[in-house]
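The values are calculated or read from the model by the stated rules, or taken from the named source; none is laboratory data. Quantities reported herein were computed from a predicted structural model and do not represent experimental measurements. Neighbour counts are summed over all protein chains in view; Cβ atoms, including those assigned to glycine, are modelled from backbone coordinates with ideal geometry.
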Number of protein chains: 2
Amino acid sequence: MPRTAETASFKFNHTMLRVRDPEASLKFYTEVLGMDLADKTVHETFTLYFLVFNYGNEVTDGTTRFGREGVLELTHNHGTESDPDFKGYASGNSEPGRGFGHIALAVDDVEKACERFERLGVKFQKRPSDGKMRHIAFILDPDGYWVEIVKGYYP
Amino acid sequence: MPRTAETASFKFNHTMLRVRDPEASLKFYTEVLGMDLADKTVHETFTLYFLVFNYGNEVTDGTTRFGREGVLELTHNHGTESDPDFKGYASGNSEPGRGFGHIALAVDDVEKACERFERLGVKFQKRPSDGKMRHIAFILDPDGYWVEIVKGYYP
């Protein structure tokens, strides 16, 4: 039930992260994580990439990427990928810049997903076997953003 | 269609932001934006708040907040709300700490939503009438994180 009629249509549509090299990021988010590139808009100084899981299952009422939840928007400011002076983006998890924490994927089998990430050479911030919380993991995307891997269903 | 069987179960479950004062943030995300508090877990040094739109519409297969997309996780590290030396969190949109950009809500009427935000005293980073992009707005949450307001449907 929506809390009020005024907010009844609201959805948590997307999260935006800046990325240094779209080629590396798209490879990670599509090939490693399995997202689909739903849309791409090229502007004069930047390009936006919109990624979702299971693209094509949306309602077809005149929109796709705006009418659903769980969209990831990657912003590429042109030139960062080849600029030797570019320092990279802060992941948000250390000073300076602490604030943003992570994005998270729900999967049906954390161990199996992480074995596959290992095979694909993905960097880990925390393997399931590290620390006390054995049921979750954190992998790193090409910019160092944390991606939590958590079990989605407890059937 | 999932890209591979290995990623078929994956969902973009949540985005995590650190907040200074959970009372102010919960008021903003529930009363202003209309989200529901779906879950809260209290730990020794921090508390996690999980917010979603339209809580209660989930499949009831043993899970709620882990089995869907569009969850916002707010992390409160205990004490920040009353620590005079706490500097606040970086929004990610200026140096230092640039990287994370924003979260976004899809709404059916951007103008009407923004008129209501004005009435509620919400701070704007960009009103619909500012700049060239008249169809979107950015409001600020209590920590200064940007929340984009975008039209969800084009019927």
*Mind checking which residues of segment A:67-98 are in contact (Cβ under 8 Å) with a residue 60 or more places away in the chain and facing another protein chain (nearest Cβ under 7 Å)?*
A:TYR89
*Would you mention how many residues in segment B:1-30 are farther than 29 Å from B:VAL42 by Cβ and among the β-branched types (Val, Ile, Thr)?*
2
*Look through segment B:27-36, keep the residues that are among the hydrophobic types (A, V, I, L, M, F, W, C) and part of a loop (DSSP other than H, G, I, E, B), and return whichever of them is surrounded by the most Cβ atoms within 10 Å (Cβ to Cβ).*
B:MET35
*Search segment A:1-26 for residues being assigned to a helix (DSSP H, G or I) and in the same structural domain as A:ALA38 (by TED's automatic domain parsing), and hand back the single one that is surrounded by the most Cβ atoms within 10 Å (Cβ to Cβ).*
A:SER25
*Taking segment A:3-56 on its own, how many of its residues are of a type in the set (S, T, N, Q) and within 8 Å of chain B (Cβ to nearest Cβ)?*
7
*segment B:101-139 - residue that is of a type in the set (Phe, Trp, Tyr) and over 15 Å from A:THR7 (Cβ atoms) and, of those, farthest from the chain's Cα centre (by Cα)*: B:PHE124
*Restricting the search to segment A:99-114, which residues are more than 21 Å from A:ALA24 (Cα to Cα) and either more than 7 Å from every other protein chain (Cβ to nearest Cβ) or surrounded by fewer than 18 Cβ atoms within 10 Å (Cβ to Cβ) (or both)?*
A:ASP108, A:ASP109, A:VAL110, A:GLU111, A:LYS112
